[in-house]
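Q: One structure follows; several queries about it will come next.
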Amino acid sequence: MAASDTLIDLHEKALRLLQEDADKIEKLIAIQMENLTTRKCPLYEEVLDTQMYGFSRAVDFAVRTGLVDENAGKLLISQLERNLAMLYEALEKKEE
């Protein structure tokens with residue numbers, strides 16, 4: 001296997017792992033939102049902040065090491081933030 005093939009494999013694996021992490025965060029938040037009467041719970045907000053911070057640090061590491069393109073990293077974070085915003089909206093509608 002050529003070095004370029006190995007590098008491509010590493011890039012793909014890094015992106016796949018980060019996407020899996022983002023999916024896990026979305027599922028965790030969705031489950032919490034289903035079980036809470038309101039998203040204004042300090043525990044909920046702490047978990048969200050911790051998960052998002054950890055994810056952004058993992059993306060930053062992958063970008064800095066060259067495993068993930070900077071634009072791809074920003075896109076991963078942006079998509080997760082958009083999906084979480086959609087979850088917030090769904091909860092607000094549920095509370096009405």
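Rundown of residues vs (1) in a helix (DSSP H, G or I); (2) modelled with pLDDT of 85 or more, yes/no style:
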| site | (1), (2) |
| --- | --- |
| MET1 | no, no |
| LEU17 | yes, yes |
| PHE55 | yes, yes |
| PHE61 | yes, yes |
| LYS94 | yes, no |
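Q: Under the condition of being modelled with pLDDT of 70 or more and over 21 Å from SER56 (Cβ atoms), which residue from segment 32-41 is surrounded by the most Cβ atoms within 10 Å (Cβ to Cβ)?
A: GLU34
Q: Filter segment 63-92 down to the residues that are in a helix (DSSP H, G or I), of a type in the set (A, V, I, L, M, F, W, C) and under 22 Å from ILE8 (Cα atoms) and list them by number. Please lay out each step first, then the result.
A: Quick first cut of segment 63-92, residues in a helix (DSSP H, G or I) only: 63-64, 70-92.
Cutting the leftovers down to of a type in the set (A, V, I, L, M, F, W, C) gives us 63, 72, 75-77, 80, 84-87, 90-91.
VAL63, ALA72, LEU75, LEU76, ILE77 - these are the residues of segment 63-92 that are in a helix (DSSP H, G or I), of a type in the set (A, V, I, L, M, F, W, C) and under 22 Å from ILE8 (Cα atoms).
Q: Another question about this same structure. Would you pick out the residues in segment 61-80 that are within 12 Å of the chain's Cα centre (by Cα) and surrounded by 13 or more Cβ atoms within 10 Å (Cβ to Cβ)?
A: From segment 61-80, those within 12 Å of the chain's Cα centre (by Cα) are 73-80; that's our starting set.
Once the filter is applied, which keeps residues that are within 12 Å of the chain's Cα centre (by Cα) and surrounded by 13 or more Cβ atoms within 10 Å (Cβ to Cβ), segment 61-80 yields GLY73, LYS74, LEU75, LEU76, ILE77, GLN79, LEU80.
Q: Turning to a different aspect of this structure: List pairs: first residue in segment 76-89 and within 13 Å of GLN51 (Cβ to Cβ), second residue polar (S, T, N, Q) and modelled with pLDDT of 85 or more anywhere in the structure, Cβ distance under 7 angstrom, at least six positions apart or on different chains.
A: Pairs found: ILE77/SER56.
The values are calculated or read from the model by the stated rules, or taken from the named source; none is laboratory data. Worth saying up front: this structure is predicted, and the values here are computed from it rather than measured. Positions of Cβ are generated from backbone atoms using ideal geometry, with glycine treated the same way; all protein chains shown enter the neighbour counts.
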